[in-house]
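Note sheet for the following structure.
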2 protein chains.
Amino acid sequence: MHVARTVADFRAAHAALTGTLGLVPTMGYLHEGHRSLMRRARAECDAVAVSIFVNPTQFGPNDDFDRYPRDEEHDLAICREEGVSLVLMPPVEEIYPEGATTTVSVGPLSTTLEGAARPGHFDGVTTVVSKLFAIVQPERAYFGQKDAQQLMVIRRMSRDLLLPLEVVGCPTVREPDGLALSSRNVYLSPEERAQALSLSRGLRRAEAAWADGVRDAEALRALVREEIEAQPLARIDYVSLAEQGSLAECAGPATRDALLSLAVRFGKTRLIDNVLLAV
Amino acid sequence: MHVARTVADFRAAHAALTGTLGLVPTMGYLHEGHRSLMRRARAECDAVAVSIFVNPTQFGPNDDFDRYPRDEEHDLAICREEGVSLVLMPPVEEIYPEGATTTVSVGPLSTTLEGAARPGHFDGVTTVVSKLFAIVQPERAYFGQKDAQQLMVIRRMSRDLLLPLEVVGCPTVREPDGLALSSRNVYLSPEERAQALSLSRGLRRAEAAWADGVRDAEALRALVREEIEAQPLARIDYVSLAEQGSLAECAGPATRDALLSLAVRFGKTRLIDNVLLAV
């Protein structure tokens, strides 16, 4: 496994490989969710590259960039275990050269939900991902369904910019009790963690109602809200039922494939989760 | 020579080539300036691709998109003569798929001079060029120094986004009497064309003064203005002396490499020209 800390070094190592390359872009602090992306990439590509880069431009001034968890040694051990060939682990100035001003933006899709809660977040994401794609030049890139809007935004960017790669979305990996894996889960106190189970529980309730034919958007959102609002430490940022594709919020009965998503705070920790609902 | 009208067809034809590829992006109506780019590309690359695409998003509502000159047959003949291997000549919907919303922007460098006169122009340029780069995946891309700010903007974009290619700037090609070649020159009446020679004449006067040690920015701009203002049909949009790199307008004596550039209207026809002044 080659660990590159510069663009030039990564490109040199890549040039020595043959066959297709799958990229798993991450911010490190790798967990079972990331492992599932690496395994999918290994199954579908001749070699796998993992990027580990905590991207400053996707964090707002009140976000947790400085305290975002990092563990380089552990991350590299996981990459080794998963048979990764190339790791790109650059310092910030390698990705944002002095005087860099260029941004990539997908527009409206990036300003709702997570984009509304975190202004500029998705422009940071699309800008850094376009750079990672330019460095790594993968045939396929793997993202978790956990960050559902991010996946949609990156698919849109890749399609619009005619990038020569396939964006692959992979199922959310959960703890046995239902909590979606996230690097931010380490921040949770035992009480918060217990109450955070209301997120997946609420989503499952709505999913079951959907399966039973409930389509009223407000009724579905209310099922999720009820579950979470019963937790004293939870503060809801949003619970959204939106059309897939446009992410326009549903009013009245949902008639198309929808994304049911939410963001909830426990103290300083902000968790997101979602389920896709197909008509 | 293969003429591709779709992204997929271009990629298939490209896959059959070996060695390095040089791209000459154009809006068609090819002239000697474009030929010089193709020759440079042929000299430096194993094969040459030319894109011919009049990009709607870089034209403003009052610009000349509809009347921009087009001559497909003549363009293809020139490409053949210059030994071009691949021509990409797509319809608009191939480059801007339905619902495409993604833009690439270099920020401040794109809002001065041409960007101030034509709001949104350079975002249109960087967006389409990033798409052309994604389709063609050239090792080198060739642009004329005639569009000096465009060249700087594209260099900035390519550097910032870590694109795996070299942006090559090529000297402005001029008529024997000094007029910089431009597809828009065909719009000029004989009187306008005669008076348009004041552009290059003014730039040469300032260049000579610079060589004699004149550094005062206003004095240099005034030399150019005088020459052009003596022409009754000319209406100056701007005459600028700006620092290369930032394009910050020079005040007082110029102490660094500078770009002396101008835009002048003759009736509905807008011409630009420039010279680089090195300290």
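Taking trypsin sites (Lys or Arg not before Pro) across the stretch A:14-117, the ones in a DSSP loop with at most 11 further Cβ atoms lying within 10 angstrom of their Cβ are A:Arg67. Among B:Val214, B:Val264, B:Val239, which one shows the highest mean-square fluctuation when chain B is modelled as a Gaussian network with alpha-carbon springs under 10 Å? Top of the fluctuation ranking is B:Val214. For the protein assembly as shown, the square roots of the Cα gyration tensor eigenvalues, ordered a ≥ b ≥ c, give a/c of at least 1.5 with a/b greater than b/c, which places it in the prolate category.
Note: relative contact order over the stretch A:2-170, using C-alpha pairs below 8 Å and six or more positions apart, is 29 percent.
Comparing mean-square fluctuations of A:Thr101, A:Thr269, A:Thr112 from a GNM of chain A with C-alpha springs under 10 Å, the top value falls on A:Thr101. Among the GluC sites (Glu not before Pro) found in the stretch B:65-124, those both in a DSSP coil and sparsely packed, with 11 or fewer other Cβ atoms within 10 Å of their Cβ, are B:Glu98.
Normalised size of the stretch A:2-170, defined as Cα radius of gyration per 2.2 N^0.38 Å with N residues, equals 0.98.
Taking the 0 to 90 degree range and rounding to the nearest ten, how far is the long axis of helix B:148-160 tilted relative to the main principal axis of chain B, both from C-alpha atoms? The answer is roughly 50 degrees.
Note on A:Tyr238, A:Tyr96: ascending count of other Cβ atoms within 10 Å places them as A:Tyr238, A:Tyr96, the fewest first.
Ignoring lysines fewer than eight residues from B:Lys146 along the same chain, the ones with Cα atoms less than 28 angstrom from its Cα are B:Lys131, B:Lys268.
Across A:Ala117, A:Ala258, A:Ala12, mean-square fluctuation computed from a Gaussian network of chain A (C-alpha pairs under 10 Å connected) peaks at A:Ala12. A prolate overall shape is assigned to the stretch B:195-279, the ratio a/c of its alpha-carbon gyration tensor axes (a ≥ b ≥ c) being 1.5 or greater and a/b exceeding b/c. Against chain A, whose longest principal axis is taken from its Cα atoms, helix A:32-44 shows a tilt of about 60°.
None of the figures in this text is laboratory data; all of them are computed from the coordinates on show. Computed from a predicted model, the values in this text were never measured in an experiment. Note: ideal-geometry Cβ built from the backbone for every residue, glycine included; neighbour counts use all protein chains shown.
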